[in-house]
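A quick write-up on the structure given underneath.
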Amino acid sequence: MYPTKYHKPASIADAVAALNGGDEAMLLSGGQTLLATMKQHLAAPSDLVDIRGIAGLSGISANGNELTIGATTTHAEVAGNVDVRRLCPALADLASGIGDTAVRNMGTIGGSIANNDPAADYPAGLLALNATIVTNTREISADDFFEGLFATALDEGEIITAVRVPAPSKAAYAKFAQPASLFALVGVFVADSGSGVRVAVTGAGEDGVFRHAGLEAALTGSMGDASIDAVDISDGNLISDIHGASDYRAHLISVMAKRAVLSL
Amino acid sequence: MTSINMNVNGKAVSGDVPDETLLSEFLREHLRLTGTHIGCDTSQCGACVVHIDGKAVKSCSTLAVSLEGAEVTTIEGLANGDLHPMQVAFNDNHGLQCGFCTPGMIMSGVDMVKRYKAEGKDLTSDAIRAELEGNICRCTGYHNIVKSIEDAAAKM
């Protein structure tokens with residue numbers, strides 16, 4: 001790794017100051033992507049600002065039918081939390097399928113969505129669940145937050161503090177994992193809020209996570225795997241790489257959507 | 001350079017290290033605890049698994065300077081006079097061939113047995129196989145590794 005300077009601020013204000021003080025400072029949370037990227041020399045931040053020392057950024061609370069998950073809450077904590085299991089078990093299931101045990105003990109929800117890897121699991125969950133991303137300066141709907149490949153609506157110096165997730169009436173996530181990396185080759189999250197169905201797809205889109213209007217309309221009309229057969233899933237704008245061609249991914253979107261619906 | 005203090009295997013340790021030093025490097029190069037192995041260095045293989053504050057993590061994907069005050073347990077810290085039951089089980093069940101992945105397998109094994117016991121869940125052989133997702137053995141020794149962990153789970 002190239003040399004870097006480590007900071008562990010105790011407040012958001014100090015974290016913002018450290019971020020703005022470095023030439024190319026980056027936030028560090030669990031580091032399960034960033035440190036690996038730095039080792040490959042694909043990232044060389046001048047400064048690392050570790051936000052895990054800031055009080056109030058970690059932990060999960062439930063308020064009525066809404067979950068608030070702190071940015072530095074680990075995947076293992078989300079997977080095992082009683083409130084997440086009660087209000088949104090699909091999100092706990094999603095978290096329990098990220099990486100492996102050791103990665104889940106370090107990786108955080110804030111880090112995952114700030115990175116917005118096109119094959120990461122959380123972006124699909126938060127987009128389908130119509131979550132709100134809370135930062136030190138504002139609140140951003142998931143629809144507006146995930147902008148593209150590794151791109152989000154976050155401004156310079158903006159720090160995710162929490163995620164708010166309204167409990168769905170029912171939801172499920174089905175992932176076809178790329179067996180070596182365990183990232184989603186295709187993952188489909190189906191969430192029925194009671195007033196409509198949202199379907200988000202990860203691992204497949206050339207511009208990252210996206211909602212599938214055709215699947216949403218079909219499943220809002222009739223929730224069942226038969227509804228999915230009638231939906232035309234185009235391979236336009238889908239990823240083609242060594243793991244799978246775009247038409248294969250289009251097929252997997254249909255299959256994973258059915259698996260999700262059948263497990264509701 | 002940053003001065004760090006942590007507790008490794010029950011002993012207070014300190015060191016001045018460059019900020020980009022990984023925990024795996026700190027353990028191996030500074031403390032000479034070379035039982036923690038670096039297999040892939042891309043957080044895939046799990047040979048470097050240690051316990052930080054009681055949880056299994058990959059020491060090659062953790063900065064040493066972020067662990068001020070942490071309790072770290074490495075493979076060297078498991079045995080307490082006698083070998084740990086997990087170490088005995090790997091020995092009894094021929095749970096290793098070349099041995100390179102073994103420190104990480106044992107640290108992950110201890111973690112999963114403790115976690116399942118704490119949650120009151122049954123650590124079946126299928127569960128062990130799923131839990132070993134982040135530990136790679138290239139000698140094809142998984143059958144005996146699973147047997148070893150099952151054996152140790154009954155004795156821990």
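Looking only at the range B:96-123, count how many residues are in contact with a Ser or Thr (Cβ under 6 Å, 6 or more places away or on another chain) and either without any contact (Cβ under 8 Å) to a residue 24 or more places away in the chain or of a type in the set (Asp, Glu) (or both).
0
Looking at the range A:67-83, can you tell me whether even one residue there is out of contact with any Ser or Thr (no Cβ under 9 Å at 6 or more places or on another chain) and either in a loop (DSSP other than H, G, I, E, B) or surrounded by 20 or more Cβ atoms within 10 Å (Cβ to Cβ) (or both)?
Within the range A:67-83, none of the residues are out of contact with any Ser or Thr (no Cβ under 9 Å at 6 or more places or on another chain) and either in a loop (DSSP other than H, G, I, E, B) or surrounded by 20 or more Cβ atoms within 10 Å (Cβ to Cβ) (or both).
Within the range A:185-232, can you find the residues that are among the small types (Gly, Ala, Ser), in contact with a Pro (Cβ under 6 Å, 6 or more places away or on another chain) and not in a strand (DSSP E or B)?
Answer for the range A:185-232, where residues must be among the small types (Gly, Ala, Ser), in contact with a Pro (Cβ under 6 Å, 6 or more places away or on another chain) and not in a strand (DSSP E or B): A:SER193, A:GLY208.
Which members of the range A:1-53 meet the condition of being β-branched (Val, Ile, Thr), more than 10 Å from every other protein chain (Cβ to nearest Cβ) and in contact with a helix residue (DSSP H, G or I) (Cβ under 6 Å, 6 or more places away or on another chain)?
Selection gives A:VAL49, A:ILE51.
Considering every residue within the range B:65-75, establish whether at least one is within 14 Å of another protein chain (Cβ to nearest Cβ), of a type in the set (S, T, N, Q), under 27 Å from A:ALA79 (Cα atoms) and over 13 Å from the mean Cα position of the chain (by Cα).
Scanning the range B:65-75 turns up at least one residue that is within 14 Å of another protein chain (Cβ to nearest Cβ), of a type in the set (S, T, N, Q), under 27 Å from A:ALA79 (Cα atoms) and over 13 Å from the mean Cα position of the chain (by Cα).
Pairs only if they're at least six apart or on different chains, beta carbon under 8 angstrom, first in the range A:211-232 and on the phi < 0 side of the Ramachandran plot, second charged (D, E, K, R) and buried (at least 19 other Cβ atoms within 10 Å of the Cβ); list them, first residue then second.
A:ARG211/A:ARG198; A:GLU216/A:ARG198; A:LEU219/A:ASP192; A:MET223/A:ASP192; A:ASP225/A:LYS258; A:ILE228/A:LYS258
Please work out which residue is farthest from the other protein chains (Cβ to nearest Cβ), limiting yourself to the range B:26-62 and to residues that are hydroxyl-bearing (Ser, Thr, Tyr) and in contact with a strand residue (DSSP E or B) (Cβ under 9 Å, 6 or more places away or on another chain).
Only one residue tops the list, namely B:THR36.
Given the structure, is B:GLY134 within 14 Å of chain A (Cβ to nearest Cβ), more than 10 Å from the chain's Cα centre (by Cα) and touching a residue at least 60 places away in the same chain (Cβ under 8 Å)? It would help to see each step written out before you state the result.
Values: within 14 Å of chain A (Cβ to nearest Cβ): yes; more than 10 Å from the chain's Cα centre (by Cα): yes; touching a residue at least 60 places away in the same chain (Cβ under 8 Å): yes.
It is true that B:GLY134 is within 14 Å of chain A (Cβ to nearest Cβ), more than 10 Å from the chain's Cα centre (by Cα) and touching a residue at least 60 places away in the same chain (Cβ under 8 Å).
Just to be sure I understand, how many residues within the range A:222-254 are surrounded by fewer than 17 Cβ atoms within 10 Å (Cβ to Cβ) and β-branched (Val, Ile, Thr)?
1
Hey, can you tell me all the residues within the range A:59-95 that are in contact (Cβ under 8 Å) with a residue 24 or more places away in the chain, within 13 Å of chain B (Cβ to nearest Cβ) and in contact with a strand residue (DSSP E or B) (Cβ under 8 Å, 6 or more places away or on another chain)?
A:THR72, A:THR74, A:HIS75, A:ALA76
Quick check on the range A:96-115: of everything there that is in a loop (DSSP other than H, G, I, E, B) and in contact with a helix residue (DSSP H, G or I) (Cβ under 6 Å, 6 or more places away or on another chain), which residue is farthest from the other protein chains (Cβ to nearest Cβ)?
So the residue we want is A:ILE98.
Just so you know, all these numbers are worked out from the coordinates, no wet-lab data involved. The structure displayed is predicted, hence computed values, not measured ones. Backbone-built Cβ (ideal geometry, glycine too); neighbour counts: all protein chains shown.
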